[in-house]
Amino acid sequence: MAKSPSQAKNAVMRCLRGIVDPYPSDTEVARVWAFFVKTCVYCGLEMERADRKGHLDHLVAFKDGGANDLGNYVLACRDCNGNEKREENWETFLRRKNPDEEDFQRRKAKIEQWVALNAPSRRIVPADQRQAVLAAFEQIVAVLDPAVARLRGMRPPKPPKKTVSKPRCATGRKQPAAQPVAPPRETCPVMIGEGRLLGR
């Protein structure tokens with residue numbers, strides 16, 4: 001469930017894209033996880049599906065015709081896909097994340113193996129469909145943004161924060177905090193010698 005206007009927009013875009021280019025089934029998603037052994041293909045981070053740190057990343061972005069077929073998906077961690085790669089070319093990003101040549105070649109080969117394995121099902125989203133999705137999205141946003149602004153204007157104002165001021169003495173300075181007073185010491189009789197008492 002979207003908790004902010006930006007999340008709602010992302011959900012709308014995903015929905016519109018899914019109409020012209022269906023998303024993979026749970027079974028197909030499980031195949032991606034299994035092939036990449038629950039590991040981010042870019043940095044090697046090990047993940048579990050239950051912890052929601054793994055993302056399915058498009059090798060070719062939607063704006064460039066990339067579709068939701070399995071051959072266009074790889075497994076990536078949340079940081080690599082969501083915070084770092086963005087729309088960057090996957091091979092350029094992989095090189096940046098793996099300055100070690102051996103790591104780079106090993107992970108690149110894994111991606112290319114996956115792409116080749118799913119080559120028969122590869123597809124491209126035609127330009128007219130991409131433009132139709134973007135046009136529909138802009139129409140929805142044109143209605144959503146003013147509605148959000150109107151609803152925000154209906155929210156009651158937040159109550160002012162209460163400030164508690166410390167008492168001041170006659171000079172205008174803050175009174176020092178009261179020092180705790182030690183309780184009086186109790187005395188108990190102590191027998192000294194025969195018949196003599198001394199307070200302890």
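If Asp79 satisfies every condition in (1) touching a Cys at 6+ places or on another chain (Cβ under 8 Å); (2) outside the structural domain of Arg49 (by TED's automatic domain parsing) but one, which is the exception?
(2)
So which of Arg95, Arg150 ends up being assigned to a helix (DSSP H, G or I) and in the same structural domain as Val32 (by TED's automatic domain parsing)?
Going through Arg95, Arg150 in turn, just one is assigned to a helix (DSSP H, G or I) and in the same structural domain as Val32 (by TED's automatic domain parsing): Arg95.
Given (1) without any contact (Cβ under 8 Å) to a residue 24 or more places away in the chain; (2) under 25 Å from Phe137 (Cβ atoms), where does Arg78 come up short, assuming only one miss?
Arg78 satisfies every listed condition except (1).
Take the residues in the range 125-146 that are among the acidic types (Asp, Glu) and free of Cβ contacts under 8 Å to residues at least 12 places away in the same chain; name whichever of them is farthest from Ile19 (Cα to Cα).
Checking each candidate, the answer is Glu138.
Among the residues of the range 108-138, what is the count of those that are within 30 Å of Ser6 (Cα to Cα) and in a helix (DSSP H, G or I)?
Going through the range 108-138 one residue at a time, the tally reaches 12.
Can you say whether Val12 is in contact with a Phe, Trp or Tyr (Cβ under 9 Å, 6 or more places away or on another chain) and assigned by TED's automatic domain parsing to the domain that holds Phe137, as far as the supplied structure shows?
yes
The values are calculated or read from the model by the stated rules, or taken from the named source; none is laboratory data. For clarity, every value in this text was computed on a predicted model and none was experimentally measured. In this analysis, Cβ positions are derived from the backbone assuming ideal geometry, glycine residues included, and neighbour counts consider all displayed protein chains.
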